[in-house]
Every structure is written in C-alpha cells, then in structure tokens.
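Visitor: There's a structure below that I have some questions on.
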Amino acid sequence: MKCKRCKAPAQVELRQHNAGFCRSCFIFYFQRQVERAIAKERMFTPDEAVLVAVSGGKDSLGLWDVLIALGYRTTGLHLSLGIGEYSDLSTAKTVAFATQRDLPLITVSLADEGLAVPDITRLTRRPACSACGTMKRHYFDQLAIDRGFPVVATGHNLDDEAARLLGNVLHWQMEHLARQQPVLEPTHARFVRKVKPLYRCSEYEAAVYAFFRGIDYIVDECPNAAGATQLVYKDMLNRLEAVSPGSKLIFVQEFLSTARPALTPEDREPPQTCAACERPSYGALCSFCRLVRETQTRRERRRAAERA
Ligand code: AMP
Ligand code: ZN
C-alpha cells in the first residue's frame, strides 16, 4: 500500500478511510483532523488560552502535542489521583513530557488535599469511578476559573465517544444523549466550556500518532477500570469495526448530525446553590462538597475510634 499523500510506502493503514499514510503524512493528516474539528465545532480560537487536561495517556499527551504544533496557547492540568503505582507513573510521564518540551503544567495531588481516590472509596464506600469522575469535573472547572482559562480540552477519542453513545442508547438516557457533544458550553458562571478535539480520531490513530511522535505515555489502564462496562462496549464496537470499517465514525457522526439536534437538553442546572462552593446543587451541598465532607467526617470518626 502507498501513502495517499506522497505515494511513498505506507506505514499505517486506516481501513475506515480506505487510506494509507507514511509516517510524516500521517502526522500531518492527524493534526489536520484535529484542526478541522476545532474549527468546525468552534471549540476555541487562537486567542483563547486552553487548559489541556492531561492524564499521562496517549490521547491527552497526543492532544497536547497537536495543539502545540498548531500554535495554540496551552497549559497542562494534571490530577494526581493517588491510585498507587498507576497514578505515580501517570504523573511521572506527564511531568516528563512537559519538562522536556518546556511547557507550563499545573499538577494537583489529590492525596495532598486528603482526597486520594482509594481513601474516598474506602471511607465513603462510593464506587471508585464515580468518585474519580466527581473529582475530575470539580478540579477541571475550579482550576480553569481560578487561572482564567475559558476552556478545558480533554483527550476523549472516537472510541470513548462511541462507547459512551452505545451505553446511552442502550439505556435510552435522553438527557445524557442531549448533552453528548464535542463542545459543551457552560451553563453556569462557575463552569467553563469543555471540548473534545479528538472526538473523530480513533484510539488506534491516537496510539499511532503518539508512537510516530515519540511520546512516552502510560500504557496501563487504570486498575479501577478493569471489568468496566465501557470496556465491554469498546470491545463490541471493535468487533463491529473489524467486519465493517467506519462503523464507529458513522455511529458517532450520524448521531451528532442527525439525532442529537432533535434532542433538546433541559438547559437547567440543579435548582439549588451549594452552600460551600456556590455551584449548582440538588441539596444544600453539591456532589463534590458532599463527597469531601463525608470523607472528612468519616476519617475523623475513624481516628477517634482508633484513639478510644
Ligand atoms: P478517561 O476518563 O480516563 O478516559 O480520560 C478522559 C480524558 O480526561 C483524558 O483524555 C484526559 O484529557 C482527562 N483526564 C483523565 N484523567 C486525568 C487526570 N488524572 N488528570 C488530568 N486529566 C485527566
Ligand atoms: Zn460545592
């Protein structure tokens, strides 16, 4: 197979596009895809400072690399989640990436805040992924607002979006479907815009990009994700993709262009205001502040019991 752009021998084949690319043309193609997604969906402009949420994985480090190459003003934001060796390695890879390229990076250690994910899970008995999601959402908005970033970009790729779409469709979660978009505008003064510039790039393409660019990333999945339904959906979609290349892209693309506009998100936030952080909430406290309080209270109770 030959490279679609320069006719040199192809080094990667993209069956969903029925095309092959050599190394340098693939890099060009991948960056162009991201650039087009940003422009088409009006994610952000070159004047806006972008906070890039980086986990240390191939998607988010690859995204950061592309945004730099495209000339955007970026700062990285990494949350060190405190999930043992997995988190230590993710943080090390992220810090090394930023240091080698002399990029600004904000790192927040949840353990330093007394909120390491395993501690929250143990103390409050919440499922790890739900606690982790609450932490990420909170810190992404909080840091962006504190530091004056109008937008947070994440590395969610086509496979993530297709799996999420499948889950939402299987359960007909209309409200979630209405909000499944590559750009989410803030609905409250304490939230910022969230964008997913890699939403049309497959996980395979993101892996190839990271490899061709020599990006050193963490390969391991989060230990908490093992057995997650999301991985079962991804596996199913990959089997479909193998017999019918392009299925994932069509599934997501057609949802966004055809079905999504017919859904109207109930554009309302929870009716109350959190007494601690002033974000929208369903009770006196928002889900983040409730989780923090609960963790603190149970930790104190446990310490008191140990002393007694
Ligand atoms: P995941 O939910 O792990 O698939 O991650 C989706 C996206 O969220 C990643 O591509 C990152 O942009 C962001 N993200 C995940 N974990 C972290 C983290 N620990 N720190 C900063 N951003 C993260
Ligand atoms: Zn709150």
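The values are calculated or read from the model by the stated rules, or taken from the named source; none is laboratory data. Source: prediction; values computed, not measured. Positions of Cβ are generated from backbone atoms using ideal geometry, with glycine treated the same way; all protein chains shown enter the neighbour counts. Ligands, DNA and RNA are stripped out before the accessible areas are found, and what is left, the full protein with its side chains, is counted by its heavy atoms. Shrake-Rupley method; radii C 1.70, N 1.55, O 1.52, S 1.80 Å.
Visitor: With respect to the numbered conditions (1) modelled with pLDDT of 95 or more; (2) surrounded by fewer than 18 Cβ atoms within 10 Å (Cβ to Cβ); (3) under 24 Å from MET43 (Cα atoms), which one is the sole condition not fulfilled by VAL192?
Guide: VAL192 satisfies all of (1) modelled with pLDDT of 95 or more; (2) surrounded by fewer than 18 Cβ atoms within 10 Å (Cβ to Cβ); (3) under 24 Å from MET43 (Cα atoms) except (2).
Quick grid of which residues meet (1) within 16 Å of ligand 2 (Cβ to nearest atom); (2) under 22 Å from the mean Cα position of the chain (by Cα); (3) part of a helix (DSSP H, G or I):
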position	(1), (2), (3)
LEU198	no, yes, no
CYS201	no, yes, no
LEU249	no, yes, yes
VAL292	yes, no, yes
GLN296	yes, no, yes
ARG301	no, no, yes
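Visitor: Do we have any residue at all in region 100-116 that's assigned to a helix (DSSP H, G or I) and touching a Leu at 6+ places or on another chain (Cβ under 8 Å)?
Guide: Quick first cut of region 100-116, residues assigned to a helix (DSSP H, G or I) only: 100-101.
With touching a Leu at 6+ places or on another chain (Cβ under 8 Å) added as a condition, the list becomes none.
No, there is no match, as no residue in region 100-116 is assigned to a helix (DSSP H, G or I) and touching a Leu at 6+ places or on another chain (Cβ under 8 Å).
Visitor: Given (1) in contact with a Ser or Thr (Cβ under 6 Å, 6 or more places away or on another chain); (2) assigned to a loop (DSSP other than H, G, I, E, B); (3) acidic (Asp, Glu); (4) more than 16 Å from ligand 2 (Cβ to nearest atom), where does GLU269 come up short, assuming only one miss?
Guide: With respect to (1) in contact with a Ser or Thr (Cβ under 6 Å, 6 or more places away or on another chain); (2) assigned to a loop (DSSP other than H, G, I, E, B); (3) acidic (Asp, Glu); (4) more than 16 Å from ligand 2 (Cβ to nearest atom), GLU269 is out only on (4).
Visitor: Here's a follow-up. Do we have GLN296 as within 16 Å of ligand 1 (Cβ to nearest atom), within 28 Å of ARG126 (Cα to Cα) and surrounded by 13 or more Cβ atoms within 10 Å (Cβ to Cβ) here?
Guide: Spelling it out, it is not the case that GLN296 is within 16 Å of ligand 1 (Cβ to nearest atom), within 28 Å of ARG126 (Cα to Cα) and surrounded by 13 or more Cβ atoms within 10 Å (Cβ to Cβ).
Visitor: Shifting gears a bit: From the residues in region 129-158 that are under 22 Å from LEU237 (Cα atoms) and out of contact with any Cys (no Cβ under 9 Å at 6 or more places or on another chain), which one is nearest to ligand 2 (Cβ to nearest atom)?
Guide: The selected residue is THR154.
Visitor: Let me ask you something else. Just checking, which of ALA228, ALA259, ALA275 is out of contact with any strand residue (DSSP E or B) (no Cβ under 6 Å at 6 or more places or on another chain) and within 16 Å of ligand 2 (Cβ to nearest atom)?
Guide: ALA275
Visitor: Continuing with the same structure: So in region 58-79, with the set limited to residues that are of a type in the set (Gly, Ala, Ser) and crowded, with 24+ Cβ neighbours inside 10 Å, which one is farthest from GLU221 (Cα to Cα)? Show your work before the answer.
Guide: First, the residues of region 58-79 that are of a type in the set (Gly, Ala, Ser): 60, 62, 69, 71, 76.
Now drop any that are not crowded, with 24+ Cβ neighbours inside 10 Å, which leaves 60, 62.
Details: SER60: 14, GLY62: 16 Å.
The extreme case among them is GLY62.
Visitor: Quick one: would you say LYS136 is part of a helix (DSSP H, G or I), among the basic types (Lys, Arg), open to solvent by 20 Å² or more (accessible area, probe 1.4 Å) and in contact (Cβ under 8 Å) with a residue 24 or more places away in the chain?
Guide: yes
Conditions tested, residue by residue: (1) away from ligand 2 (no atom under 16 Å from the Cβ); (2) part of a loop (DSSP other than H, G, I, E, B); (3) not charged (D, E, K, R).
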{"position": "CYS6", "(1), (2), (3)": "yes, yes, yes"}
{"position": "GLN16", "(1), (2), (3)": "yes, no, yes"}
{"position": "GLN31", "(1), (2), (3)": "yes, no, yes"}
{"position": "GLU35", "(1), (2), (3)": "yes, no, no"}
{"position": "ILE38", "(1), (2), (3)": "yes, no, yes"}
{"position": "PHE44", "(1), (2), (3)": "yes, yes, yes"}
{"position": "VAL52", "(1), (2), (3)": "yes, no, yes"}
{"position": "GLY56", "(1), (2), (3)": "yes, yes, yes"}
{"position": "GLY62", "(1), (2), (3)": "yes, no, yes"}
